[in-house]
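Could you have a look at this structure, given as structure tokens, before my questions?
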Amino acid sequence: MPPPQPLSRALVLEAAIRVADRGGVEAITMRRVAQELGVEAMSLYHHVPNKDAILDGVVDMVFAAIELPGVECDDWRDAIRARASSARAVLSQHSWALGLMDSRRDPGPATLRHLDAVLGVLREAGFTLPMAAHAVSLIDSYVGGFVLQEANLPVTTPNDVEDVAGGILEQLPAGTFPYLTEMIVEHALRPGYDHSSEFGYGLDLILDALEARRR
């Protein structure tokens, strides 16, 4: 059996993320993180001064996992689309971070690098400073809202969609909700329907609208 890995700040933050993935951000305490690592809580203080430092650190690690947009893209929308898709994938794994990412007052280097890169793509594409601010707010609100919606949906597979939508359909009084019935029968229950595809459609609408304003 290999010897235990020496404790470090990175290991503490990785353990805190695992704790949050299972129990939400409120589960992050010095005691629980120490238990995750199999050490005494006091040993954590050699690497992080307090819980706030852990919260700052896990936010920075989440930002570090999101793909940076590349300014070399011919179309700024391609760069921002890739970044938004990466953010969705990362935040879907760590949805507890959604309420934490905008609340920290001491952003780390990965957070600052990420935000600067996003703004850089927009500014280099010709967005005015106010328009760049609007774009970041709009796109991040959309990504966060979609991730939160997905995390709370009662469906994860096509079979789930059929079960849930079919169950709702059975309970609808005949002729009472014609548009809802149409949506379920002609859209949600159609072969190949996948709610996750709505993300790309909505994102493209936002990017196209911002492009029109940019011009």
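The values are calculated or read from the model by the stated rules, or taken from the named source; none is laboratory data. In this text the structure is predicted, and so the values were computed from the model without any measurement. Reconstructed Cβ throughout: ideal geometry from the backbone, glycine too, with neighbour counts over all protein chains shown. With ligands, DNA and RNA removed, areas are computed over all heavy atoms of the protein, side chains included. Shrake-Rupley method; radii C 1.70, N 1.55, O 1.52, S 1.80 Å.
With a point put 7 Å past each Cα toward its Cβ, work out how far His134 is from Arg104 in nm, to one decimal.
The modelled label-to-label distance comes out at 3.0 nm.
As an exercise, take the mean of 1/r over every pair of distinct alpha carbons in the stretch 19-102, invert it, and state the Kirkwood radius in angstroms.
Radius from the Kirkwood sum: 14.4 Å.
Between Glu182 and Asn50, 0.36 nm times their residue separation minus their Cα-Cα distance comes to what?
On the way: separation 132, 0.36 × 132 = 47.52 nm, distance 5.43 nm.
Additional length available on full extension: 42.1 nm.
For the stretch 91-154, state which trypsin sites (Lys or Arg not before Pro) are in a DSSP loop and have at most 14 other beta carbons lying within 10 Å of their beta carbon.
Here the sparse-neighbourhood loop sites are Arg105.
Test of the criteria: in the stretch 1-40, which GluC sites (Glu not before Pro) are in a DSSP loop and have at most 13 other Cβ atoms within 10 angstrom of their Cβ?
Details: sites: Glu14, Glu26, Glu36, Glu40; in loops: Glu40.
Within the stretch 1-40, the qualifying GluC sites (Glu not before Pro) (loop, at most 13 other Cβ atoms within 10 Å) are Glu40.
Then there's this: For the stretch 30-89, what's the relative contact order in percent, using C-alpha pairs closer than 8 Å and at least 6 residues apart?
The value is 21 percent.
Continuing with the same structure: Does the chain classify as rounded, prolate or oblate by the C-alpha gyration tensor (a ≥ b ≥ c root eigenvalues; a/c under 1.5 gives rounded; else a/b over b/c gives prolate, otherwise oblate)?
Verdict is oblate for the chain.
Where the accessible area of the chain is counted over protein heavy atoms with a 1.4 Å probe, how much of it, in %, is carbon and sulfur?
Carbon and sulfur together cover 55 percent of it.
In cubic angstrom, how much convex hull volume per residue do the alpha carbon atoms of the stretch 90-153 span?
93
I need the calculated FRET efficiency for the pair Asp116 and His195, taking r as the beta carbon distance and R₀ as 45 Å, to the nearest 0.05. Don't jump to the answer; show the numbers that get you there.
Working: r = 33 Å, r/R0 = 0.74.
In this case the efficiency is close to 0.85.
Sort largest first and round to whole Å: the equivalent ellipsoid semi-axes of the stretch 70-114, each the square root of five times a Cα gyration tensor eigenvalue.
In descending order, the three semi-axes are 23, 15, 7 Å.
Can you give me the distance in nm between label points at Ala89 and Glu124, each placed 7 Å from the Cα along the Cα-to-Cβ direction?
Calculated label separation equals 2.1 nm.
Relative contact order (percent) for the chain, with alpha-carbon contacts under 8 angstrom and 6 or more residues of separation?
Across the chain, relative contact order equals 17 percent.
Relative contact order for the stretch 111-208: what percent, with Cα pairs under 8 Å and sequence separation of 6 or more? Don't skip to the answer; put the middle values down first.
On the way: 31 pairs, mean separation 23.4, N = 98.
Value for the stretch 111-208: 24 percent.
Can you give the accessible area per residue of the chain, in Å², using a 1.4 Å probe?
Value for the chain: 60 Å² per residue.
Using a simple spin-label model with points 7 Å from Cα along the Cα→Cβ vector, what separation in nm is obtained for Gln149 and Thr29?
3.6
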